[in-house]
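K.L.:
One structure, as structure tokens, below. Some questions next.
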Amino acid sequence: MTLPVKYTEAAILIEQNKKLIVDKVQLPEKLEIGQVLVEVHVSGICGSQIGEITGAKGPDKYLPHLLGHEGCGTVLSVGPGVKTLSKGDLVVLHWRKGVGIESQTPNYIWRGNKVNAGWVTTFNKYAVVSENRCTTVPKDTNRELAALFGCAITTGFGVIENNAKLRIGESIVVFGAGGIGLNIIQASSLSSAWPIIAVDLYDSRLKLAKTFGATHIINSSKYDPREMILKILNGKSLDVFIDNTGLPEIIEMGYEITNSEGRLILVGVPSINSNIKIYSLPLHFGKSIIGSHGGECTPNKDIPRYLNLFNAGIWGIEGLVSERYNLKNINAAISSMQSGKSVGRVVINL
């Protein structure tokens, strides 16, 4: 099937630790089995993309390539074998596998050379996406909300539901109150945890964390977080510590201050060779360390559940999106995130 569009504006990672190049990229000539063509409306920027740019996990073997794994768009065309999607559907674009075919990855061309891409990319106006990276939502769904279902919301809620398995009245520390952290805090509040202690370097984020359900806040640039956490607990043991930083010293602290059956949940991605040192004996008697992979969410099941609660007014996203940019200014958006200026989630309107 010939595609209705031949080119797309896209942000391309050419070299690590360099600015993205925004340029015209040629789409594949046709859709392969299980592929769909999506017009992307809104894309979030996740810390994972910052990690790709900075090489947090080491050298990138796939340069140059396209980026982005959380977005919202409209299906323009479907390829052979696609059964769960139709032209005109509004979809959430997500990196976790949903239902449908996992297609081969698309081949884009930039300046006569191949540009790599995964099963979903969202830093491009038109994207060829695998069927199982798309989940339909009602066409009147708020597009920014739909985009954030691609990672920030589903990861945050999934961390609480599937990784921490937080129970009513349990105590929790959320270290890092960015886009995912705010949703972890909100999900903790929905689970009736207490206290819910948010820790961050920036007062602006902590102020927003209070509106999302944090009962206590700590600015770790001004106060010793360990000392303040123990003071707030006031003799109560800590059940759950969630790390969004990936920093060994924070992970080690979380491990030490959780109780004998406490859960340490690792959400933040550590830089390569960032190792932790722990006394492992407590792991034999109930304490646990759990690495989260997108909150272990199942997009096609979880997105409709969370959307029902949103539509019922039980939770919300007011203030979660703090900055909006267009694709041409994506490097400014990335700089804002890296500097800590952004309070909540940063999104790109395409």
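The values are calculated or read from the model by the stated rules, or taken from the named source; none is laboratory data. Note that the structure is predicted; figures quoted are calculated from it, not measured. Glycine also receives a Cβ, built like all others from the backbone with ideal geometry; neighbour counts cover every protein chain displayed.
K.L.:
Among 57, 114, which is outside any loop (DSSP other than H, G, I, E, B), surrounded by fewer than 15 Cβ atoms within 10 Å (Cβ to Cβ) and in the same structural domain as residue 336 (by TED's automatic domain parsing)? Quick ask: steps written out before the conclusion?
P.N.:
Working: 57 fails: outside any loop (DSSP other than H, G, I, E, B).
Testing whether each residue is outside any loop (DSSP other than H, G, I, E, B), surrounded by fewer than 15 Cβ atoms within 10 Å (Cβ to Cβ) and in the same structural domain as residue 336 (by TED's automatic domain parsing) leaves just 114.
K.L.:
Next question. Going through segment 4-32 one residue at a time, which ones are in contact (Cβ under 8 Å) with a residue 60 or more places away in the chain, hydrophobic (A, V, I, L, M, F, W, C) and out of contact with any Asp or Glu (no Cβ under 9 Å at 6 or more places or on another chain)?
P.N.:
Within segment 4-32, 20, 27, 31 meet the criteria.
K.L.:
Here's something else I'd like to know. Would you confirm whether or not segment 303-319 contains a residue that is in a helix (DSSP H, G or I), outside the structural domain of residue 161 (by TED's automatic domain parsing), among the charged types (D, E, K, R) and modelled with pLDDT of 95 or more?
P.N.:
Here is the first cut: in segment 303-319, the residues in a helix (DSSP H, G or I) are 303-311.
Then keep just the ones that are outside the structural domain of residue 161 (by TED's automatic domain parsing); that gives 303-311.
Now narrow it down to the ones that are among the charged types (D, E, K, R): 305.
Going one step further and asking which of them are modelled with pLDDT of 95 or more, we end up with 305.
The answer is yes; a qualifying residue exists.
K.L.:
Consider segment 230-270. How many of its residues are of a type in the set (A, V, I, L, M), in contact with a Gly (Cβ under 7 Å, 6 or more places away or on another chain) and modelled with pLDDT of 95 or more? Spell out the reasoning first.
P.N.:
Within segment 230-270, the subset of a type in the set (A, V, I, L, M) is 230, 232-233, 238, 240, 242, 247, 250-251, 253, 257, 264-267, 269.
If we keep only those that are in contact with a Gly (Cβ under 7 Å, 6 or more places away or on another chain) as well, we get 238, 240, 264, 266, 269.
Cutting the leftovers down to modelled with pLDDT of 95 or more gives us 238, 240, 264, 266.
Summing the residues that are of a type in the set (A, V, I, L, M), in contact with a Gly (Cβ under 7 Å, 6 or more places away or on another chain) and modelled with pLDDT of 95 or more in segment 230-270 gives 4.
K.L.:
Looking only at segment 247-287, which residues are surrounded by fewer than 14 Cβ atoms within 10 Å (Cβ to Cβ), hydrophobic (A, V, I, L, M, F, W, C) and within 25 Å of residue 17 (Cβ to Cβ)?
P.N.:
272
K.L.:
Are any residues in segment 337-350 outside any loop (DSSP other than H, G, I, E, B) and either at positive phi or surrounded by 18 or more Cβ atoms within 10 Å (Cβ to Cβ) (or both), and if so, which ones? Break it down into steps so the answer makes sense when it comes.
P.N.:
First, pick out the residues of segment 337-350 that are outside any loop (DSSP other than H, G, I, E, B): 337-339, 345-349.
Within segment 337-350, 337, 345, 346, 347, 348 meet the criteria.
K.L.:
On to the next question. Starting from segment 188-199, keep only residues that are farther than 20 Å from residue 226 by Cα, then list their pairs with residues that are part of a helix (DSSP H, G or I) and hydrophobic (A, V, I, L, M, F, W, C) whose Cβ atoms are within a distance under 9 Å, requiring at least 6 positions of separation or different chains.
P.N.:
That search, which allows pairs on different chains as well, returns 188/160; 188/164; 190/157; 190/160; 190/309; 191/160; 191/164.
K.L.:
Please note which helices (runs of 4 or more DSSP H) are completely contained in segment 201-301 and include at least 1 residues that are without any contact (Cβ under 8 Å) to a residue 40 or more places away in the chain and under 23 Å from the mean Cα position of the chain (by Cα).
P.N.:
Working: elements: 203-211, 225-233, 248-257.
The helices (runs of 4 or more DSSP H) meeting that bar are 203-211, 248-257.
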